[in-house]
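The values are calculated or read from the model by the stated rules, or taken from the named source; none is laboratory data. All figures in this text were calculated on a predicted structure; none of them were measured in a lab. Every residue, glycine among them, receives a Cβ derived from its backbone with ideal geometry; neighbour counts consider all protein chains shown. Quick note on the areas: whole protein, heavy atoms, side chains included, nothing else; ligands and nucleic acids left out. Shrake-Rupley method; radii C 1.70, N 1.55, O 1.52, S 1.80 Å.
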Amino acid sequence: MKRLIATWLAAATTAAMLTPSTQALTAKNVFESSDLALLFCTYVRNNDTLRLQHKLRDLRMRLRDVYPQVRCNGASLIQFAMQNNSNDIGAFIARSVNPSDIQEMGDMEWAEQRDMLQSTIGQTLQQRLNLKQ
């Protein structure tokens, strides 16, 4: 009897895990799992803009919705791109996210403290925030 109940519980648990969720896919729900955030950080480290765009498209998400939730080694995606000299994807991210999110994450101040405003990403940040004439 105990073996029958244990088998039934195992089958029910497996079925529950394999059943697709009806919950809407949102940035907050997706990034509760760190696997996708890690994937995005990998794309940034590798300067792979195309793969990031494809993944966002597959997930039907916008970068501006994802940006505030993802941290790579404690840094925002833009900061992480600057640390890894991933200029193409960093400039893409800076052009794609809301200026208010850039200010909220402190990306501009972070870059200024590290004398990185002359980099491609730093210049894009300045243009995005209308600080450069």
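Within segment 70-92, the residues that satisfy the criterion of being open to solvent by less than 40 Å² (accessible area, probe 1.4 Å) and assigned to a helix (DSSP H, G or I) are Leu77, Ile78, Gln79, Phe80, Ala81, Met82, Ile89, Gly90, Ala91, Phe92.
Can you find even one residue in segment 118-127 that is touching a residue at least 12 places away in the same chain (Cβ under 8 Å) and part of a loop (DSSP other than H, G, I, E, B)? Taking every residue of segment 118-127 in turn, at least one turns out to be touching a residue at least 12 places away in the same chain (Cβ under 8 Å) and part of a loop (DSSP other than H, G, I, E, B). Taking (1) at pLDDT 90 or above; (2) assigned to a helix (DSSP H, G or I) in turn, Trp8 satisfies each apart from (1). Only one of the listed residues (Arg64, Arg3) is modelled with pLDDT under 95 and touching a Ser or Thr at 6+ places or on another chain (Cβ under 7 Å). That residue is Arg64.
Filtered by the rule that a residue be part of a helix (DSSP H, G or I), open to solvent by 60 Å² or more (accessible area, probe 1.4 Å) and touching a helix residue (DSSP H, G or I) at 6+ places or on another chain (Cβ under 9 Å), segment 35-48 gives a lone residue, Arg45. If the condition is being of a type in the set (D, E, K, R) and either over 19 Å from Ser86 (Cα atoms) or surrounded by 12 or more Cβ atoms within 10 Å (Cβ to Cβ) (or both), then segment 100-133 contributes Asp101, Glu104, Asp107, Glu112, Arg114, Arg128, Lys132.
Is it true that some residue in segment 49-69 is open to solvent by 40 Å² or more (accessible area, probe 1.4 Å), farther than 15 Å from Leu36 by Cβ and more than 12 Å from the chain's Cα centre (by Cα)? Yes: segment 49-69 contains one or more residues that are open to solvent by 40 Å² or more (accessible area, probe 1.4 Å), farther than 15 Å from Leu36 by Cβ and more than 12 Å from the chain's Cα centre (by Cα).
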